[in-house]
Structure formats: structure tokens, C-alpha cells
1. What number of residues in region B:156-172 are more than 15 Å from residue B:218 (Cα to Cα) and within 22 Å of the chain's Cα centre (by Cα)?
2. Any residue that is at pLDDT 95 or above, among the hydrophobic types (A, V, I, L, M, F, W, C) and closer than 19 Å to residue B:52 by Cα - is there at least one of those in region B:385-402?
3. Could you pull out every one of the strands (runs of 3 or more DSSP E) wholly within region A:104-208 that has 2 or more residues that are aliphatic (A, V, I, L, M) and closer than 23 Å to residue B:320 by Cα?
4. Tell me the residue from A:107, A:91 that is out of contact with any Cys (no Cβ under 6 Å at 6 or more places or on another chain), under 22 Å from residue A:56 (Cβ atoms), surrounded by 14 or more Cβ atoms within 10 Å (Cβ to Cβ) and modelled with pLDDT of 90 or more, please.
5. Of all the residues that make up region A:131-190, how many are within 14 Å of chain B (Cβ to nearest Cβ), among the hydroxyl-bearing types (Ser, Thr, Tyr) and out of contact with any Pro (no Cβ under 8 Å at 6 or more places or on another chain)?
6. Quick one: residue B:375 ticks every box in (1) under 29 Å from residue B:282 (Cα atoms); (2) β-branched (Val, Ile, Thr); (3) surrounded by fewer than 19 Cβ atoms within 10 Å (Cβ to Cβ) bar one, so which box is it?
7. For residue A:226, state whether it is closer than 28 Å to residue A:296 by Cβ, at pLDDT below 95, polar (S, T, N, Q) and in the same structural domain as residue A:245 (by TED's automatic domain parsing).
8. Starting from region B:381-402, take each residue that is among the charged types (D, E, K, R) and list its partners that are at pLDDT 95 or above and outside any loop (DSSP other than H, G, I, E, B), counting only C-beta distances under 6 angstrom and pairs at least six apart or across chains.
Amino acid sequence: MKKWTRKDLLGLEDLTREELLLLIDQAAAFKEISLRPIKKVPALRGRTVALCFLEPSTRTRASFELAAKRLSADILSFQGSSSSLVKGETVLDTARNIEAMRVDVLVIRDNTSGVPAMVARGVGCSVVNAGDGSHEHPTQGLVDLFTIREKKGRIEGLNVLIVGDILHSRVARSDFWGLVKLGARVTLCGPPTLVPPVMETLGAKVSYRLEEALPEADVVIALRLQLERQQERYIPSFREYTKLYGIDLEKLKTAKPDLIVMHPGPVNRGVELSPEVADGPQSVILEQVTNGIAVRMAALYLVSGTHHGQTAEVPEPSPEGVET
Amino acid sequence: MKAPARLLIKGGHLIDPAQNLDEPADLLIENGRVARVGRNLKAEQAEILDAKGKVITPGFIDLHVHLRTPGQEHKETILSGSRAAVRGGFTTVCAMANTDPVVDSATLVEYVKSESAKVGLIHILPYGAVTVGLKGETLTEMGELQQAGAAGFSDDGMPIASAGMMRRALEYSRMTRLPVIDHCEEKSLSAHGVVHEGLTATRLGLAGIPTEAETVMIARDLLLAEATGGRLHIAHLSTAAGVELIRAAKKRGVSVTTEVTPHHLSLSEEALSTYDARFKMNPPLRSQKDLEALREGLKDGTIDAVATDHAPHSLAEKEAGLVRAPFGVVGLETAVAVLLTELVHRGSLKLFTLVEALTRRPAKILGLDRGTLAVGAAADVTLLDLGAEWVVEAGSFLSKGNNTPFLGWRLKGRVSDVMVGGRPVLRDGQFMNGEGA
């Protein structure tokens, strides 16, 4: 019987290989539920999940909301625009108020690194990080692990290439930790201003030339390039970025035929990926979105089982086990 | 409390680097000044203070304190800051000018002095700003600031961004013989940085402040000091490369001095791993390699002084989270105990050198007739109990700020007694009646 003991899910850096496997195995069990005509199990009936999105988000928020609903949890929703932060309340104070309403799991998205960790220290309920600044986006990292394993049958020994703005990407960090712990070889590629060289000391390979890195890859994860990076002088132009680091059909010719192409979304079509690649046969981008719900169901289910000091007795991942 | 006419401090071990003394000795104080130093002193009708097992040193001098007055009294007042200083063994502290309004006129220097006189606990020496409003555009009237009592010039909190402005400041201040104290930070490199640019910043996804934000400006300042003959003091040195630059400049004879904080001598970037704003200050906690170079620099005299950069903030400000919270930590009450615990007791720094960096050397930087217990000197005295252990607790601070990076640390070494001008202010860790009430 495997056990999950953490109150919170704040990042993949903290997790062991066993915990990562527990999460994605649990997600595999939950994925089947999403394929049924009646997509609901009573696993979190009577529990309350608060979605506290202090930074605009559409797909992650929708994914968490559906995940909670498919587990029969009650949902409380806060958004940046309606939150009391504008009135000078601190994030921690907001979180304590939400907790005082007897919420079981607090899902937090914030544009500042470290906010979920700070909140998790200050409240007794479980905290799930839905993306904090440039730090981590653990559920997206789990989605990527899950999807790679599903498509490739394994993670260990694969060459995974992450392309783009590594410096500012929370997805890159979560992917990196998860992949390395599960035995993949990770190459980080992008313009030198956006790839921190110290990542090499953590075991990543760093490359500034996509044409050298791409042929080796079994999996490529392209990251979204934020518009601000040009104003902040990290890159001279989007045009050159696309030419050097954008993946199009021409560059794909040099890659392994069974390469899969991933992206956490939303894609700047024609920048990181050409539309032909984003929509092409090697792209698994929409499957990542589908898998997102199962992964978030697993995250919510496992952390809520530890609430109030209890340890979730996780059944061997099978939908039957979850339903009882 | 009134000073006794004669006070004899007996049975202690005296360390006074200004006299090159490090030996068992008694100290006789008469009318607020040191009257005699020596073994087995006897004095009729003197009050006796038993210093058995204690170390007697000149009162400490802190070159770098934010007393937040005027204008930010919710963070610190002259009274709360003075009490914190006494607790830490400091009898003289220099008050930074980045207040609201900025101390950039003789009137404001006089205001800080008169407020300090009302409290009257310790010596508070205001710095005047280098540029009006810390804006880096117009020199302050340095001559007049000095006449009003400014002990030096600093835009601390803000670097002097323009090289041309810094050149003029170093030239013009020569007539005062006072140092220009620069907070070296090239803002185009530090930008929105929160912590040291290194492995921890990358792991945590935080914007970094690179080493070069400090060293580029130190290099510039050293060249300008060399060219102008001005007196340069580099505030809160934090980098190994900065130590190296200053070491080389001193060898060439550049008129430069520098200081280091207790936190940069005892903590490194890894402390930030939990995103705790108690570890956020500027310059940031650097790498282990930087920490070791700073220790070496203090040991070999490249770094002249230990200064706290005591920067109190209110709880509300610091609980805003690592990124949003303001830079700065308190330091007066923990400085000497942290350095005793981390450096002296572990054998990596001589007690004599630590005392020197807290007394003779800072006095020399500002040309003060303090920092010594030579006969005739003002009797500012600090007694240390090297073996006393205590735990740093948030509720125990006398400063208005308890934003300490040392929360929960068990420290070995405590300030037991403090005298200011022969007047006992702290005795056995307790404030004397009427002092700092």
C-alpha cells in the first residue's frame, strides 16, 4: 500500500521519485473516469476546494475546476480582479480568511514566486500550487510526465529537449525536476539571455543551438515566449527568435521520426511552433490538456487525504477502488 | 542615571586595539573619562563594578544604521533604535540619511541631533546626504552639513548612479576630510532583482541581483577616488570580487575603507530557500564563496569595520512575502553575539580583530576621538560575557523591527554592561533606572 503524506503540493523539486510515480499512477486511474459518459466519482464529496487565481488564467483554472467537480468537491472561486488584494490585504491574510471558511484544499496561482509556499506555512489546509511566478507549476510538470509516459511507454532514458525562455518559465522548472528524478536526460535550449547556465550544475545540458539539440530529442517541449521579453531586452526581436528557436516543418525534418511535440499552452502560433507543427501528427498538445484534468484530480485527491493529519490510504490505482 | 564621580571596573580582561592592549586590566573612570588603566587598581570612594570573567572593550561604533527618523517612525525611533544599540553594546551609531524627508540640509542634521539629545542614551551621529533628495542630481551643501554635525556623507539606499556626480562628490568633500559612503549597486544590472543571482535564485524562480551590480560600481568608485584623492567608504561589502578590488586598491594607496555586516559574514543565499522575507536585504546574501572571502577580508584588514546596516521594518511590511517585502534586516541587538558565535568561538576570527572592527577602525574612518579606552578618552565602555548563551526570539527585540535573519539561533556571547561617558546605562543585561525609559 503506497502512501501520500504531504499536506501540500508546492513543486516537483521537493518530491521523491516514488511520490511522482504515485501521482501519475493515480492520474492514470482517474483518466478513465473522464472517458465515461457520467464523469463523476464521489471521492471528495463534502470537501471544499478553493480556487484562488490571483493572476489571469483560463485553462489551468478550468482544468482544476473540472477536476474538483469530477471528484464531487464543492468549489469556491476567487479571481485576481475580484480579490481583496487590491484593498491592501496581504495574500496570507486572504488565505487565512479562506481557511477560516473551513476550506480543505486551497489552489493558488500567483504571479510572484514563493507565494504558495508562504501561504502553505501560514495555513493548516492543503495548498496546491497552480503556478507561482517563475518558480514551479507542478501540476503542469506532472501533466507532461504523464503524457510522455503515456506516449512513449517510459520516461527513463529519454532525451527531452525544453526550448525557450527557461529563465522565466515555471513549467521548465517543474518539468526539469520531474524528468530528472524519473531518469530522463534534459537539454535546455534557448537564447543565452534566457537559459541560466547554473542549470548545468543541477544536471541539465544547456544548448544555444536548436539545430544541434533537436536531432537527439525523443520529446520536445516548446515554451511560450512572453511579449515582455523583447521590451526587457532579453531578445532583439520575435522575428529572430522564431528563426532560431521556433520549430517548423523544415526543422522537424532533422528530428527523430517518432519525436513528440509538446507545449504547455497557450501557443504563440508562428513563434514557438509553426501552425503546421502545433496541429501536426507529432503534436500531443491537446492530449496534454485532456490529461491535465486527470492529473489535477490526482493532486486534489492525494493532498486532501492528508488533511487534518490523516494519511490517505491510496488504493492500487483503479477507478473501482476510488469509487468506494 | 547620573554618572558616579568615580567608577572602578575591576577584574576583567581589557581589549583595546587602539592601545594594542589585550590583557587582564582594571579601568578607573573619573568624571566620565578614563582616568587609569592597569592591574590591581585601587581608588578611594569609587563605585566598584565587578568584571570578573568579562571582557572590557571600548563602546562599539556602528557606521551604518537606519534610525528611520524623521518620517518613518513606525519602523524605528531614535529611542527604540538607541535602546537596541545599547543592548548590542553600541555607544555610537551613525544614522543614515535616507529618511523622509532626506537629511540633506543643515536644518535636518540639527533636527536629528536635537532629537538624539532629547533621548540622550548614546551618541548618534547623523550622516548628510551626498545629493539633494538622494536624487543624484545636485550636491548637498557638504560644508554646512559638516558644521551642523554630519559625520560623513551618504546616499545609502540609493547608489550614486552618475559617475560624473560621484567624481564631483569625491572632489568637493575633500575639504571636509569626511568620507563619501557609497551604496554600490549598478541598477541596470540589479533591475528588479530580489536575491543574489545564483543557483538559489534560479531554483526558486526569483529575479537575481548579480555580483557585478556591486563590483562594477566599486571599480568605478575606486578609480574616481584614486583620481580625485577623495575619501571613499564602500558600504555593506558583499562580494568576493569586491574584496579583491578593494584589497588591490589599498595596495596602490587609494584612500578607501569598507565595512561588512554580520549577516553577510554568517549567511549565504541558501537561506532564501524557504522564500522567507527575513532573509531579504540589499545587497543580498551571496554565495558561500563570497562569505568566505568576506571573512578572509575582515581577518586580513582589507575590510576595516563591521557595521550592521540595521534596517528595521514593520511586521506588516515584511509579511508581504519575499518579493513584495522591503529590503533590510535588523542587526544592532544580534551583531556581536552572532560574530562571537559564528567566527570567534569557532576559531576563524580573533576576538581582538572583532573588537578592532567595532571600535578603533570605525572611529578612524570618521576621525572620531572615540573607540579607545586610553587615559583621557570618553568612558564609553562595553562589557562582554563571552560564555552566556541565549536564543534569538521575535518578542525580545528592543528595536521596533524584529525582522531578523537569526530568529531561533542559539548564540553564545552577550553584552552585559554598557557605559556611555562613564554613565552606566546597561548593567547585567538590564537597563538602569531611568535610562531609555
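The values are calculated or read from the model by the stated rules, or taken from the named source; none is laboratory data. All values reported here derive from a predicted model rather than from experimental measurement. Neighbour counts are summed over all protein chains in view; Cβ atoms, including those assigned to glycine, are modelled from backbone coordinates with ideal geometry.
1. The qualifying residues number 1.
2. Yes.
3. Ranges flagged: A:105-110, A:126-132.
4. A:107
5. Residues meeting the conditions: 2.
6. Residue B:375 satisfies every listed condition except (1).
7. It is true that residue A:226 is closer than 28 Å to residue A:296 by Cβ, at pLDDT below 95, polar (S, T, N, Q) and in the same structural domain as residue A:245 (by TED's automatic domain parsing).
8. From region B:381-402, the pairs are B:385/B:414; B:385/B:416; B:389/B:412; B:400/B:80.
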